[in-house]
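The values are calculated or read from the model by the stated rules, or taken from the named source; none is laboratory data. Quick caveat: nothing in here was measured; it's all calculated off a predicted structure. Note that we place each Cβ from the backbone using ideal geometry, even for glycine, and neighbour counts take in every protein chain shown. Areas reflect the complete protein model, heavy atoms only, side chains present, ligands, DNA and RNA absent. Shrake-Rupley method; radii C 1.70, N 1.55, O 1.52, S 1.80 Å.
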Amino acid sequence: MPYTREAVWAPNAPKPNGKYSHVVKSKSGMVYLAGWMGDDPETGAIVSGGIEAQTERAILNIKACLEACGLTFDNILTRRIYIIPMEDYRKVIAMWDKYFDEPYPVSTLIGVTSLAKEGALVEIEVVAEQ
């Protein structure tokens with residue numbers, strides 16, 4: 001059975017922490033990005049500076065993935081944000097707002113007790129359309 005998806009490697013994004021693609025594009029034009037934490041593209045380590053710095057780095061990692069597909073933030077349809085602690089959600093939203101204008105993507109915000117990388121406080125996953 002032929003694949004109905006195409007993997008995209010984003011050269012300016014951090015290496016994946018496991019066996020997954022940066023981006024998967026479907027034949028229908030949907031673009032699914034891996035969830036991004038505040039990984040530094042050079043070192044792979046979570047950036048210092050707290051949840052705001054990690055959120056900004058996650059957004060820039062998302063930008064690198066979108067650019068590898070010839071897309072921009074305007075192509076994002078939905079976002080899902082995982083956050084520790086939930087009390088810091090306003091800081092995350094304020095960082096997001098620096099990069100996005102109306103109409104905003106559909107959004108879900110989920111408080112969690114841990115993320116896949118030690119020290120990570122936020123992870124953002126988006127779906128876009130070509």
TYR20/ARG90 FRET efficiency (R0 41 Å; Cβ-Cβ; nearest 0.05): 0.85
Which one of TYR82, PRO105, ILE124 has its Cα pushed farthest toward the positive end of the charge dipole of the range 42-130, where Lys and Arg give +1 and Asp and Glu give -1 at the Cβ? TYR82
Total charge dipole magnitude, the chain, about the Cα centre, Cβ charges on Lys, Arg, Asp, Glu only, Debye to nearest 20: 440
With +1 assigned to the C-beta of every Lys and Arg and -1 to the C-beta of every Asp and Glu, and no other charges, what is the dipole magnitude of the range 79-130 about the Cα centre in debye, to the nearest 20? 100
Counting heavy atoms of the protein chains only and a 1.4 Å probe, report the per residue accessible area for the chain as a whole number of Å². 57
So for the chain, what are the equivalent ellipsoid semi-axes in whole Å, largest first, each being the square root of 5 times an eigenvalue of the Cα gyration tensor? 23, 17, 13
Between the range 1-57 and the range 91-130, how many Å separate their Cα centres? 13
Considering only protein heavy atoms, with the full assembly of protein chains and a 1.4 angstrom probe, order TYR20, TYR104 by accessible area, largest first. TYR104, TYR20
³J(HN,Hα), Karplus 6.51/-1.76/1.60, whole Hz, each residue of the range 42-53, x for Gly, Pro: 7, 9, x, 7, 5, 5, 7, x, x, 5, 5, 5
Within the accessible area of the range 1-89, what % is carbon and sulfur when the probe is 1.4 Å and the other protein chains stay in place? 52
